[in-house]
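What follows is a short report on a single structure.
The values are calculated or read from the model by the stated rules, or taken from the named source; none is laboratory data. In this text, all values refer to a predicted model and were calculated from it rather than measured experimentally. Positions of Cβ are backbone-derived with ideal geometry, glycine not excepted, and every protein chain shown enters the neighbour counts.
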Amino acid sequence: MPRFLTALLALSLLCTGPLWAEEVVLGLSKDKVSITTSFDGSDILIFGAVKREKAIPEGPPIEVIVTVAGPSMPLTVRRKAKRLGIWVNTDAVEVDRAPSFYAVQTSGPLREVLKDVEDLRHKISVPRAIRSVGAPSNISDAESFTEALIRIRSRSDLYQLREDAVTVSEQTLFRTAVRLPAALTEGDYVTRIFLTRDGQVISSYDTTIDVQKVGLERWLFELSRGQPLLYGIMSIAIAIAAGWAASAVFRMFRA
Amino acid sequence: MQIYLPIAEVSVNAFLLLGLGGIVGILSGMFGVGGGFLMTPLLFMIGIPPAVAVATEANQIVASSFSGVLAHLKRKTVDLRMGTVLLIGGLVGAALGVVVFNYLKAQGQVDLLVKLCYVVFLGVIGGLMFIESLNAIRKTKSGKPPARKKHNWIHGLPFKMRFRVSGLYISVIPPLLVGVAVGILAAIMGVGGGFIMVPAMIYLLGMPTKVVVGTSLFQIIFVTGFTTLLHATTNFTVDIVLAVLLLVGGVIGAQIGTRIGVKMKAEQLRILLALMVLAVCGKLALDLLLMPSELYSVGAAAGH
């Protein structure tokens, strides 16, 4: 049995061998983003190098694609239509999983640095990162719902595609900065780096950036989930106290 | 100065919120409305998720109404007895309203229904009030004393009670029903219901305008407090940081508003409120009638 396993391991090593010829060594300016009360977005510098055993291979240059994805959630996308003179939501399509944030940054035009087949396999581009299976049978144009989702989220910088945003020098060093907007959801942000040559992914690497509320934000958030009744009573008490204080202060001015 | 809201999970300008709170607070103190019907759409506009906006707004109304009611209590313009009767009806109505709301949510289209409710109620109430106040102003100009206390069917009902501050001796049934109706609408529309309560008290119950404002604020405190608790425990959508920013502006505004309100004539006060109600109604109606610039909207998945 162990011999069989060793053989299998050796075989798998042999198979993946060529992929290991060039691999990523990564650095992040920070692997933890703290959401404080004054949080106003954050820039994350992602940099690294391509490690190789041999000389730089001949042929097309190496290209780098960096993606950062926030936690995924199921969504409903609704479309309005005119019924009886007013605009109402008529059709709805459920999206199984859509990241709350998704940024793609590349070292060249996406269509040139990545083949469609590879995009499909690794789910790199924005439309591929959204998983939507099966719209209701009465809706023939399900894609337009996904397009709308991308359009709406791109407008608030939640979905970004920035081509030529990754700088690659001498086919070895690369760097890019990803801008996380202020309206950020908590969670693990999966960061993936793909090395491609001639549109084929030759190596990939992934890590996570931990986005978390801290301090007062953390405390309030947890209280609101863990002790909702207490939180509600506290909210009302603060409201009553503020109302009374304002009234008292004004009375002092009048007296 | 940007501030990140822990529950809404968005970052907004703190001064913008203080300003909005202040303006709505002034209106609240002047007219005895909580201001929710103005603030909630404004919060949508600056990008607060609707569920959070509705719930947090209820909490903020507690603060501004409390501040306003204290000012009115000092002036003895609160009919506590009438307020309590309305409140009993209001709490029953709010509980019913939550049931209705959940039923509609299961049927889909709850957004549309809320908007239609707004347009219809704001339109009818605003229109009636506007016409009535114009007539009242015309009458005072021509020197005729305003006709008050017409006896109608309301005075024929049983269970009569004396409301000394309002100078009324009427059955408790109409105020209870008004309370229930307002409570239901308040829960569905996510507002305190002052903009329905104030006209109902003036025109249906025949209460004097000066007492109406304080009494309305009095019962709004409890109804919105109840709503806040419901939202906080079931939907977890009360954002306390947002509420504090809004209410700091709001309570100060309410104090200023109450003082402005006292200096103004009742008819002027009513005509201004009518105009404001009509303006909000017009804006919402346009949203429904004109083609939106974005036909699609993204929401949480059904059943989550």
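Tell me whether segment A:67-88 contains one or more residues that are away from every other protein chain (no Cβ under 14 Å), closer than 25 Å to residue A:108 by Cα, touching a strand residue (DSSP E or B) at 6+ places or on another chain (Cβ under 9 Å) and not polar (S, T, N, Q). Checked segment A:67-88: at least one residue is away from every other protein chain (no Cβ under 14 Å), closer than 25 Å to residue A:108 by Cα, touching a strand residue (DSSP E or B) at 6+ places or on another chain (Cβ under 9 Å) and not polar (S, T, N, Q). Is segment B:101-119 home to any residue that is among the polar types (S, T, N, Q), closer than 22 Å to residue B:298 by Cβ and assigned to a loop (DSSP other than H, G, I, E, B)? Scanning segment B:101-119, I find at least one residue that is among the polar types (S, T, N, Q), closer than 22 Å to residue B:298 by Cβ and assigned to a loop (DSSP other than H, G, I, E, B), so the answer is yes.
Somewhere in segment B:290-299, is a residue of a type in the set (S, T, N, Q) and either within 14 Å of chain A (Cβ to nearest Cβ) or farther than 19 Å from residue B:33 by Cα (or both)?
Yes: segment B:290-299 contains one or more residues that are of a type in the set (S, T, N, Q) and either within 14 Å of chain A (Cβ to nearest Cβ) or farther than 19 Å from residue B:33 by Cα (or both).
Restricting segment A:90-99 to residues that are surrounded by fewer than 20 Cβ atoms within 10 Å (Cβ to Cβ) and within 9 Å of chain B (Cβ to nearest Cβ), which is modelled with the lowest pLDDT? So, considering only residues that are surrounded by fewer than 20 Cβ atoms within 10 Å (Cβ to Cβ) and within 9 Å of chain B (Cβ to nearest Cβ), the one modelled with the lowest pLDDT is A:92.
When residue A:177 is tested against (1) away from chain B (no Cβ under 11 Å); (2) surrounded by fewer than 17 Cβ atoms within 10 Å (Cβ to Cβ); (3) more than 22 Å from the chain's Cα centre (by Cα); (4) not polar (S, T, N, Q), exactly one condition is not met: (3).
Residues that are in contact with a Leu (Cβ under 9 Å, 6 or more places away or on another chain), hydroxyl-bearing (Ser, Thr, Tyr) and not in a helix (DSSP H, G or I) occur at least once in segment B:5-22. The condition of being buried (at least 19 other Cβ atoms within 10 Å of the Cβ) and more than 10 Å from chain B (Cβ to nearest Cβ) holds for only one of A:140, A:132, that being A:132.
Checking each residue in segment B:49-62 for being more than 9 Å from chain A (Cβ to nearest Cβ) and either closer than 20 Å to residue B:201 by Cα or under 18 Å from the mean Cα position of the chain (by Cα) (or both) picks out B:50, B:51, B:52, B:53, B:54, B:55, B:57, B:58. Residue check: residue B:213 meets all listed conditions (1) buried (at least 24 other Cβ atoms within 10 Å of the Cβ); (2) facing another protein chain (nearest Cβ under 9 Å) but one, namely (2). Residues being exposed (fewer than 15 other Cβ atoms within 10 Å of the Cβ) and modelled with pLDDT under 85 are entirely absent from segment A:63-79.
Condition check ((1) more than 9 Å from chain A (Cβ to nearest Cβ); (2) in contact (Cβ under 8 Å) with a residue 60 or more places away in the chain; (3) not charged (D, E, K, R)) across all residues:
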residue: B:10; (1), (2), (3): no, no, yes
residue: B:21; (1), (2), (3): yes, yes, yes
residue: B:24; (1), (2), (3): yes, yes, yes
residue: B:38; (1), (2), (3): yes, yes, yes
residue: B:47; (1), (2), (3): no, no, yes
residue: B:64; (1), (2), (3): no, yes, yes
residue: B:67; (1), (2), (3): no, yes, yes
residue: B:89; (1), (2), (3): yes, yes, yes
residue: B:103; (1), (2), (3): yes, no, yes
